[in-house]
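Visitor: To start, I am sharing the structure in question, which I have written as structure tokens.
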Amino acid sequence: MAEFTSPTVRRVQEALAALGLGHEIVDLGQSARTVVDAARAVGCRVDQIAKSLVFRLRESGRPLLVVASGAHRVNEARVAGLVGEALERADADFVRAETGFAIGGVAPVGHVKPVTTLIDEHLFTFEEIWAAAGHPNTVFRLRPADLVTMTGGRVTAVK
């Protein structure tokens, strides 16, 4: 197992190790901040990138993590209906405070607080997908079903 200096990547690595599913973090040596960059770097389709988007629930102020296919734009009205609360875009400070990650490196695991999670059903059309691992240069490969195990998230249509 590789050693990482970034505390956020180490936190993801520890969360993955605790799950015991054999996931390995890959340092791409280049930015994977966008889904296009990430797909190009790992050699997969854009819709195989599992992007972690954090929203702020308007009434409660709680975070909501939507793990969406890189090819999909989240339909905020549909998602609001699923969670029973309007969504707001989360700013960088909110994302960092609620997840412990900077935008561009939000992983589906290793958050500093529990986060309600929805998972894009489209990701389940692939045998393997890729997710951020705590830094814009790091990712890990996983099976879509692993997202449910890792996050306790609900699989649904999000676009």
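Quick note: the coordinates plus some simple rules give every number you see, no bench work behind them. Since the model is a prediction, treat every value here as computed from it, not as a measurement. When we count neighbours, we look across all protein chains shown, and the Cβ atoms used for this are built from the backbone with ideal geometry, even at glycine.
Visitor: Exactly one condition in (1) crowded, with 19+ Cβ neighbours inside 10 Å; (2) touching a helix residue (DSSP H, G or I) at 6+ places or on another chain (Cβ under 8 Å) is false for A145; which is it?
Guide: A145 satisfies all of (1) crowded, with 19+ Cβ neighbours inside 10 Å; (2) touching a helix residue (DSSP H, G or I) at 6+ places or on another chain (Cβ under 8 Å) except (1).
Visitor: Another question, if that's okay. How many residues does region 27-41 hold that are out of contact with any helix residue (DSSP H, G or I) (no Cβ under 7 Å at 6 or more places or on another chain), surrounded by fewer than 17 Cβ atoms within 10 Å (Cβ to Cβ) and not in a loop (DSSP other than H, G, I, E, B)? Break it down into steps so the answer makes sense when it comes.
Guide: Going residue by residue through region 27-41, those that are out of contact with any helix residue (DSSP H, G or I) (no Cβ under 7 Å at 6 or more places or on another chain) are 27, 29, 33-34, 37-38, 40-41.
Then drop every residue that is not surrounded by fewer than 17 Cβ atoms within 10 Å (Cβ to Cβ), which leaves 27, 29, 33-34, 40.
The next check asks that each one be not in a loop (DSSP other than H, G, I, E, B); those that pass are 27, 40.
Looking only at that region, the number is 2.
Visitor: Another question about this same structure. Checking T138 against (1) touching a helix residue (DSSP H, G or I) at 6+ places or on another chain (Cβ under 7 Å); (2) without any contact (Cβ under 8 Å) to a residue 60 or more places away in the chain, which test does it fail?
Guide: Of everything listed in (1) touching a helix residue (DSSP H, G or I) at 6+ places or on another chain (Cβ under 7 Å); (2) without any contact (Cβ under 8 Å) to a residue 60 or more places away in the chain, T138 misses just condition (2).
Visitor: Please work out if A68 is surrounded by 15 or more Cβ atoms within 10 Å (Cβ to Cβ) and of a type in the set (G, A, S).
Guide: yes
Visitor: Further question on the same structure: Run T149 past the list (1) of a type in the set (S, T, N, Q); (2) over 16 Å from E14 (Cα atoms); (3) more than 13 Å from the chain's Cα centre (by Cα) and report the number of the one that doesn't hold.
Guide: It fails just one condition, (2).
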